[in-house]
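Engineer: Pasting in a structure now, in structure tokens, and then I'll have a few things to ask.
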Amino acid sequence: MGFTDTRFNVNLSILFTELPLLERPAAARAAGFTAVELWWPWVDAPVPGQGELAALRAALVDAGTRLVGLNFYAGRLPGPDRGALSVPGEESERFRANVPVAVEFGRSLGCTSFNALYGNRVEGVPAAEQDALALENLAFAARAVAEVGGTLLIEALNAPESP
């Protein structure tokens with residue numbers, strides 16, 4: 001018995017990690033999943049090359065899986081960044097550069113759920129300033145997601161645990 005009902009999906013960013021990314025959709029399908037989700041898979045590249053996007057798209061389609069959720073660029077996950085919505089400077093710029101790429105990639109696969117990770121508080125930056133930046137970035141992302149009839153999800157993460 002497989003999980004062909006899309007009420008169940010597998011996150012390819014945290015399961016089947018013993019395999020390269022492009023092999024994970026087939027592994028998910030072999031385990032009975034037809035629906036998958038992903039964190040933004042190119043941690044260091046909010047705007048990867050078209051070849052990388054095409055290869056992942058092909059792996060998902062060839063495996064018979066459907067992308068049902070995609071995170072926007074969120075910095076280093078797993079790791080200390082925990083999102084980019086509210087993080088000033090380069091991280092915010094990388095988030096904004098990623099939005100149209102992620103939305104188009106998702107749209108090309110029928111994905112309409114996009115997840116934006118808020119980001120942790122930055123020492124030395126007033127909370128109100130971070131919140132205002134997050135609101136600007138959310139509005140930017142919401143406009144892009146609306147163009148494909150999608151849903152924008154917001155995820156707040158806890159700070160990493162101290163060793």
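Engineer: What number of residues in region 109-129 are touching a strand residue (DSSP E or B) at 6+ places or on another chain (Cβ under 9 Å) and not hydrophobic (A, V, I, L, M, F, W, C)? Step through it out loud before you land on a result.
Structural biologist: Residues of region 109-129 touching a strand residue (DSSP E or B) at 6+ places or on another chain (Cβ under 9 Å): 109-120.
If we keep only those that are not hydrophobic (A, V, I, L, M, F, W, C) too, we end up with 110, 112-113, 115, 118-120.
Qualifying residue count, region 109-129: 7.
Engineer: Can you find a residue in region 41-51 that is at pLDDT 95 or above, in contact with a Phe, Trp or Tyr (Cβ under 9 Å, 6 or more places away or on another chain), farther than 23 Å from GLY119 by Cα and surrounded by 14 or more Cβ atoms within 10 Å (Cβ to Cβ)?
Structural biologist: no
Engineer: Given the structure, is ASN71 modelled with pLDDT under 95 and either of a type in the set (Phe, Trp, Tyr) or within 17 Å of the chain's Cα centre (by Cα) (or both)? Quick ask: steps written out before the conclusion?
Structural biologist: Details: modelled with pLDDT under 95: no; either of a type in the set (Phe, Trp, Tyr) or within 17 Å of the chain's Cα centre (by Cα) (or both): yes.
Answer is no for this residue.
Engineer: For region 104-136, give me the residue count where each residue is touching a Ser or Thr at 6+ places or on another chain (Cβ under 8 Å), among the polar types (S, T, N, Q) and part of a helix (DSSP H, G or I).
Structural biologist: Within region 104-136, residues that are touching a Ser or Thr at 6+ places or on another chain (Cβ under 8 Å), among the polar types (S, T, N, Q) and part of a helix (DSSP H, G or I) number 1.
Engineer: Moving on to the next point. Exactly one condition in (1) under 16 Å from the mean Cα position of the chain (by Cα); (2) at pLDDT below 95; (3) assigned to a loop (DSSP other than H, G, I, E, B); (4) not β-branched (Val, Ile, Thr) is false for GLU91; which is it?
Structural biologist: Going through (1) under 16 Å from the mean Cα position of the chain (by Cα); (2) at pLDDT below 95; (3) assigned to a loop (DSSP other than H, G, I, E, B); (4) not β-branched (Val, Ile, Thr) one by one, GLU91 breaks only (3).
Engineer: Look through ARG96, ARG121, ARG76 and report the one residue that is of a type in the set (D, E, K, R), farther than 25 Å from ALA31 by Cα and buried (at least 16 other Cβ atoms within 10 Å of the Cβ). Talk me through it step by step, then tell me what you get.
Structural biologist: Numbers: ARG121 fails: buried (at least 16 other Cβ atoms within 10 Å of the Cβ); ARG76 fails: buried (at least 16 other Cβ atoms within 10 Å of the Cβ).
Answer to the check: ARG96.
Engineer: Answer with yes or no whether VAL101 is part of a helix (DSSP H, G or I), touching a residue at least 12 places away in the same chain (Cβ under 8 Å) and within 13 Å of the chain's Cα centre (by Cα). Quick ask: steps written out before the conclusion?
Structural biologist: On the way: part of a helix (DSSP H, G or I): yes; touching a residue at least 12 places away in the same chain (Cβ under 8 Å): yes; within 13 Å of the chain's Cα centre (by Cα): yes.
The answer is yes for VAL101.
The values are calculated or read from the model by the stated rules, or taken from the named source; none is laboratory data. Since we're looking at a predicted model, the values are computed, not measured. Ideal geometry is used to build each Cβ from the backbone, glycine not excepted, and the neighbour counts take in all protein chains shown.
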